[in-house]
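Q: Below you will find the structure I want to go over with you.
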Amino acid sequence: MTVSVAIPVLDGERHLGEVLTAVSAQRLDDAVEVLVIDSGSSDRSVEIARAAGARVVEIPPAEFGHGRTRNLAMAETSGELVAFLTQDATPADDGWLAALVASFGMAEHVGAAFGPHLPRPGASPLTKRLLTDFFAEFSPDGRPAVHRRGDSTYLSSNNLCVARAAWEQVPFRDIPYSEDQALGADLLAAGWAKVFNPEARVVHSHDLGLIAGFRRYFDEYRGLRDSVGQKTEGSAGRAIGIVRRSVAADRAWLAREEPSLPARARWTAQSAVHHTGRVVFGGLGERADLIGGPLRAALSLDRRGDGVTRRVAPAGAGEYRDALRVLADGPEPLAAPSPLDADRDQLELAWVVPPFGVGSGGQMTIFRVMRELERRGHRCSLWLHDPEGREPHTSAGLRRRIAAEFFPFAGQIEVGFDRWTGCDVAVATGWQTAYPVLGLPGCRARAYFVQDHEPDFYAASTKQLLAERTYGLGMPCIAASPWLAALLEHRHGASAAAFELGVDPAEYHPEPGIPRRADTVVFYARDFTPRRALELGLLALERVVEERPGLRVVLFGTHNRVRAPFPFEQLGVESAERLRRLYSEATVGLSLSLTNYSLIPNEMLACGLPVVELAGRAGEGVYGMDGSVITLAEADPYAIARALSGLLADPDRRARLSQAGLEFVRNRTWERSTDAIEEALLGALRAQLPAWARDEHV
């Protein structure tokens, strides 16, 4: 894995030579690219960097930004991993970089790694205690810790390593402060993990004067509020409690580390002043939006009197602008049809998608279909609609990410519509993309690829209304089940063709050599997708575990920590290979959906695993209502528990269902799914022809 090291610098000659010497001494098999970005140093920083062999990029001071400059560093380097230091953060030993690199192999989808800061020689006892205790909380047992959604979002740009694949999806925000905290929050929200590695240590600390330290706290806490929304309770009682606990921790540290009683007394008094100032100035920083600009500038160490970052309007048109334009002016007229369209069997298809995260099943389906359509001679292009600026604005980076996480395809990939020239059929793939597709010029036809009833994703809200409205805007729908197609037609009056989700037999099949267990239930526990009914499944499993205390329960599908009142094993968002092994050894699979069905049941069946799903929904239209392929249960924890218990107690029935499932998926290929989708896309184009041209084709 290729590695780069990037260091932003401004007047850093005091420590920069030491930092670069420590970087050059790192024990790593491959060569390490070193980049220094200097933003107008007036000292010897540039000379020191070049003498040490670093490549130097110089930018004007006005172009520096904590997030912006680190994004520039990512763009200017070539490593698959990019480690960040600051000009005064010195690797503590020659294993610093190797420890960061090793962190990316400790779990799947690791997007960033960071390590602790050690105090510099001569640092005050208060600084030593603060750094030691703060970083010890990330690893109480002294071992690396993996953080996922729901864990601490903390990162530090002073000692950080970022995977290029993660940055291409989640770049640094261009904000004045706490760009590292924002990156941590954004990575975990997008499904990436991060790792704290206590072996990746740097020597880095500051002992500012009392007033300067207080003003730094103002800036830091303001940055945390702007970047990740941190705001502590402002009561006097809480503030006094924080100060008391902090001073007590300092006194305990001094009792161990400082033998001189007078020195202890002096540092204890300074501790009380320090932590009082931290609470007061930090609290003011969190409430900087309530303070006038001149006072903000006076309180800020950086003299920042500007407005708060969170009030800055997002880049782009905004999430609802396309809907407003279409609802006001109507769709863009379609391009004039050609009589030759009636006989065409190869189309130019433009797929418009919203930003997507790691492990997205819906996006997986889209890329599978695009790949199969390309094999049939159609030209597919992908257009990312990202009005909120959540994805990095690089088409090349998006292509690399799709190839790594999903499937490579040959067609054009674009972020935004700057290079839009038209197509045969523009395909919306979610309600957020329906409005922009209706506004695109140069389309001979449009279609709406609908994988679920998206209004059900929201409580009563603007999003629910706008999502529901998309089904009545005249685009023919291609629905991912007969149940969904019927719902679109009967409830919304839409024209809808149906296809069924496929399964790839190369990825999902019974794993040879893995015996089937009689005591294991696997549950698709995707907690951040409410329609997957996590809580309902856990209530049912609690009943089953009460009946069978030795039952092995395995949850998967989320990186978040799931809580349940029974013992269980938890996996994350797993690869097809690991899921195949899990499905091949398990006894029963549980996959619940309150809306349309997912890919999971087919994949379980393809591995010979009997499945329990909810009755009265999409599954009945796909698998039948008689229970001959999957076991259907009412949306009630006791009914689900009875279905699971019945299968666990009946090996003969499990064997029948296992064989029936294998037979069922035998013809449920993605080729067959794409047949229906292809016919619907061809039909969307032909529907725009004059009646005489359609009649001649028939």
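The values are calculated or read from the model by the stated rules, or taken from the named source; none is laboratory data. These numbers come from a predicted model, not from an experiment. No Cβ is skipped: glycine too gets one built from the backbone with ideal geometry, and neighbour counts run over all protein chains shown.
Q: Name the single residue that is farthest from Arg617 (Cα to Cα) among those in the stretch 511-529 being in contact (Cβ under 8 Å) with a residue 60 or more places away in the chain and not hydrophobic (A, V, I, L, M, F, W, C). Don't jump to the end; show me each part of the working.
A: Filtering the stretch 511-529 down to residues in contact (Cβ under 8 Å) with a residue 60 or more places away in the chain leaves 511, 514-524, 528.
From what's left, not hydrophobic (A, V, I, L, M, F, W, C): 511, 515-517, 519-520, 524.
Details: Glu511: 30, Pro515: 33, Arg516: 29, Arg517: 30, Asp519: 28, Thr520: 26, Tyr524: 17 Å.
If we take residues in the stretch 511-529 being in contact (Cβ under 8 Å) with a residue 60 or more places away in the chain and not hydrophobic (A, V, I, L, M, F, W, C), then Pro515 is farthest from Arg617 (Cα to Cα).
Q: Here is a further query. Test Asp141 against the criterion of being acidic (Asp, Glu) and surrounded by fewer than 19 Cβ atoms within 10 Å (Cβ to Cβ), and give yes or no.
A: Working: acidic (Asp, Glu): yes; surrounded by fewer than 19 Cβ atoms within 10 Å (Cβ to Cβ): yes.
Against the criterion (acidic (Asp, Glu) and surrounded by fewer than 19 Cβ atoms within 10 Å (Cβ to Cβ)), Asp141 qualifies.
Q: In addition: Name the single residue that is surrounded by the fewest Cβ atoms within 10 Å (Cβ to Cβ) among those in the stretch 223-239 being modelled with pLDDT under 75 and charged (D, E, K, R).
A: Applying the filter and picking the extreme gives Glu233.
Q: Do you know which of the residues in the stretch 169-209 that are acidic (Asp, Glu) and part of a loop (DSSP other than H, G, I, E, B) is surrounded by the fewest Cβ atoms within 10 Å (Cβ to Cβ)?
A: Quick first cut of the stretch 169-209, residues acidic (Asp, Glu) only: 174, 179-180, 186, 199, 207.
So of that shortlist, the ones also part of a loop (DSSP other than H, G, I, E, B) come out as 174, 199, 207.
Working: Asp174: 18, Glu199: 19, Asp207: 13.
Out of the qualifying residues, it is Asp207.
Q: Any idea which residue in the stretch 158-169 is farthest from Arg399 (Cα to Cα), counting only those that are of a type outside the set (S, T, N, Q) and touching a strand residue (DSSP E or B) at 6+ places or on another chain (Cβ under 7 Å)? Show your work before the answer.
A: Of the residues in the stretch 158-169, the ones of a type outside the set (S, T, N, Q) are 160-168.
With touching a strand residue (DSSP E or B) at 6+ places or on another chain (Cβ under 7 Å) added as a condition, the list becomes 160-164, 166.
On the way: Leu160: 25, Cys161: 22, Val162: 19, Ala163: 16, Arg164: 13, Ala166: 13 Å.
Taking the candidates together, the pick is Leu160.
Q: Looking at (1) surrounded by 15 or more Cβ atoms within 10 Å (Cβ to Cβ); (2) at pLDDT 95 or above, which one does Asp527 not meet, given that it meets all the others?
A: (2)
Q: Counting only residues that are free of Cβ contacts under 8 Å to residues at least 40 places away in the same chain and either assigned by TED's automatic domain parsing to the domain that holds Glu405 or not β-branched (Val, Ile, Thr) (or both), give me the helices (runs of 4 or more DSSP H) lying completely in the stretch 576-657 with at least 3 of them.
A: Working: elements: 576-585, 600-606, 618-623, 637-648.
Helices (runs of 4 or more DSSP H) meeting the threshold: 637-648.
Q: Pairs please, first residue from the stretch 549-575 and more than 13 Å from Leu539 (Cα to Cα), second anywhere and small (Gly, Ala, Ser) and part of a strand (DSSP E or B), Cβ atoms under 8 Å, 6+ apart in sequence or on different chains.
A: Going by the 8 Å Cβ cut-off, the qualifying pairs are His559/Ala193; Gly572/Ala193.
Q: With the checklist (1) within 29 Å of Pro455 (Cα to Cα); (2) in contact with a strand residue (DSSP E or B) (Cβ under 8 Å, 6 or more places away or on another chain); (3) crowded, with 20+ Cβ neighbours inside 10 Å; (4) not hydroxyl-bearing (Ser, Thr, Tyr) in hand, flag the one item Ala586 doesn't pass.
A: Failing condition for Ala586: (1).
Q: Which of the residues spanning the stretch 444-459 are more than 20 Å from Ile366 (Cα to Cα) and in contact with a strand residue (DSSP E or B) (Cβ under 6 Å, 6 or more places away or on another chain)?
A: Arg444, the sole residue that qualifies.
Q: For the stretch 402-413, check the following and say yes or no: at least one residue is of a type in the set (Phe, Trp, Tyr), over 18 Å from the mean Cα position of the chain (by Cα) and modelled with pLDDT of 85 or more.
A: No; the residues of the stretch 402-413 include none that is of a type in the set (Phe, Trp, Tyr), over 18 Å from the mean Cα position of the chain (by Cα) and modelled with pLDDT of 85 or more.
Q: Still on this structure, please answer the following. May I ask you to verify whether Leu20 is buried (at least 16 other Cβ atoms within 10 Å of the Cβ), closer than 21 Å to Glu168 by Cα, touching a residue at least 12 places away in the same chain (Cβ under 8 Å) and touching a helix residue (DSSP H, G or I) at 6+ places or on another chain (Cβ under 9 Å)? Walk me through how you get there before you give the answer.
A: Numbers: buried (at least 16 other Cβ atoms within 10 Å of the Cβ): yes; closer than 21 Å to Glu168 by Cα: no; touching a residue at least 12 places away in the same chain (Cβ under 8 Å): yes; touching a helix residue (DSSP H, G or I) at 6+ places or on another chain (Cβ under 9 Å): yes.
No.
Q: Assess whether Val562 counts as being over 18 Å from Asp452 (Cα atoms), assigned by TED's automatic domain parsing to the domain that holds Leu647 and buried (at least 24 other Cβ atoms within 10 Å of the Cβ).
A: On the way: over 18 Å from Asp452 (Cα atoms): yes; assigned by TED's automatic domain parsing to the domain that holds Leu647: yes; buried (at least 24 other Cβ atoms within 10 Å of the Cβ): no.
Considered against the rule, which asks whether it is over 18 Å from Asp452 (Cα atoms), assigned by TED's automatic domain parsing to the domain that holds Leu647 and buried (at least 24 other Cβ atoms within 10 Å of the Cβ), Val562 comes out as no.
Q: Consider the stretch 266-299. How many of its residues are exposed (fewer than 13 other Cβ atoms within 10 Å of the Cβ) and within 16 Å of Asp250 (Cβ to Cβ)?
A: Residues in the stretch 266-299 being exposed (fewer than 13 other Cβ atoms within 10 Å of the Cβ) and within 16 Å of Asp250 (Cβ to Cβ): 1 in total.
Q: Give just the number: which of (1) of a type outside the set (Asp, Glu); (2) outside any loop (DSSP other than H, G, I, E, B); (3) in contact with an Asp or Glu (Cβ under 6 Å, 6 or more places away or on another chain) does Leu155 not satisfy?
A: (2)
Q: A further question follows. Can you find a residue that is at pLDDT below 80, over 18 Å from the mean Cα position of the chain (by Cα) and of a type outside the set (Ser, Thr, Tyr) anywhere in the stretch 344-364?
A: Yes, the stretch 344-364 has at least one match.
Q: Restricting attention to the stretch 534-556, does a residue exist that is touching a Leu at 6+ places or on another chain (Cβ under 6 Å) and modelled with pLDDT under 95?
A: Yes; the residues of the stretch 534-556 include at least one that is touching a Leu at 6+ places or on another chain (Cβ under 6 Å) and modelled with pLDDT under 95.
Q: Return the pair list, or none, for Cβ contacts closer than 7 Å from residues in the stretch 470-493 that are β-branched (Val, Ile, Thr) to residues that are part of a helix (DSSP H, G or I), at least 6 apart or on different chains.
A: Thr470/Trp431; Thr470/Ala434; Ile478/Ile677; Ile478/Ala680
Q: Here's a follow-up. Step by step: first the residues of the stretch 47-92, then only those that are of a type in the set (Lys, Arg) and either under 24 Å from Arg14 (Cα atoms) or modelled with pLDDT of 95 or more (or both), then the one that is surrounded by the most Cβ atoms within 10 Å (Cβ to Cβ). Which residue is that? Walk me through how you get there before you give the answer.
A: Looking only at the stretch 47-92, we keep the residues that are of a type in the set (Lys, Arg), and these are 50, 55, 68, 70.
Of the ones still in play, those that are also either under 24 Å from Arg14 (Cα atoms) or modelled with pLDDT of 95 or more (or both) are 50, 55, 70.
Values: Arg50: 12, Arg55: 15, Arg70: 25.
Applying the filter and picking the extreme gives Arg70.
Q: Of the residues Pro116, Pro144, only one is of a type outside the set (Phe, Trp, Tyr) and more than 30 Å from Thr268 (Cα to Cα); which? Don't jump to the end; show me each part of the working.
A: On the way: Pro116 fails: more than 30 Å from Thr268 (Cα to Cα).
Result of the check over Pro116, Pro144: Pro144.
Q: Could you check the stretch 13-109 for strands (runs of 3 or more DSSP E) lying wholly inside it with 3 or more residues that are in the same structural domain as His147 (by TED's automatic domain parsing) and under 26 Å from Glu199 (Cα atoms)? Write out each step before concluding.
A: Working: elements: 32-38, 55-58, 81-85.
Of the strands (runs of 3 or more DSSP E) lying wholly inside the stretch 13-109, those with at least 3 residues that are in the same structural domain as His147 (by TED's automatic domain parsing) and under 26 Å from Glu199 (Cα atoms) span 32-38, 81-85.
Q: Take the stretch 21-51 and flag every residue that is over 23 Å from Ala98 (Cβ atoms) and of a type in the set (Val, Ile, Thr).
A: Matches in the stretch 21-51: Ile37, Val46, Ile48.
Q: Are any residues in the stretch 468-499 more than 18 Å from Ala684 (Cα to Cα) and touching a strand residue (DSSP E or B) at 6+ places or on another chain (Cβ under 7 Å), and if so, which ones? Before you say what the answer is, go through the steps one by one.
A: Taking the stretch 468-499 as the starting set, the residues that turn out to be more than 18 Å from Ala684 (Cα to Cα) are 468-469, 481-484, 486-487, 490-492.
Selection gives Ser481, Pro482, Leu484.
Q: Out of (1) closer than 20 Å to Asp504 by Cβ; (2) hydroxyl-bearing (Ser, Thr, Tyr); (3) buried (at least 20 other Cβ atoms within 10 Å of the Cβ), the odd one out for Ser658 is which?
A: It fails just one condition, (3).
Q: Could you please find all residues in the stretch 549-584 being farther than 29 Å from Gly111 by Cα and touching an Asp or Glu at 6+ places or on another chain (Cβ under 8 Å)?
A: Answer for the stretch 549-584, where residues must be farther than 29 Å from Gly111 by Cα and touching an Asp or Glu at 6+ places or on another chain (Cβ under 8 Å): Gly550, Leu551, Arg552, Pro565, Phe566, Ser584.
Q: Can you run down the residue pairs with Cβ atoms below 8 Å, 6 or more apart or on separate chains, where the first is in the stretch 272-285 and farther than 9 Å from Phe214 by Cβ and the partner is crowded, with 20+ Cβ neighbours inside 10 Å and of a type in the set (S, T, N, Q)?
A: Cβ pairs passing all conditions: His275/Ser246.
Here is a yes/no grid of residues against (1) among the basic types (Lys, Arg); (2) closer than 30 Å to Val553 by Cβ; (3) at pLDDT below 95:
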site	(1), (2), (3)
Ser645	no, yes, no
Phe664	no, yes, no
Glu671	no, no, no
Asp675	no, no, no
Leu689	no, no, yes
Asp695	no, no, yes
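Q: Which residue out of Tyr524, Tyr508 is touching an Asp or Glu at 6+ places or on another chain (Cβ under 9 Å) and aromatic (Phe, Trp, Tyr)?
A: Selected residue: Tyr508, the only one of Tyr524, Tyr508 that is touching an Asp or Glu at 6+ places or on another chain (Cβ under 9 Å) and aromatic (Phe, Trp, Tyr).
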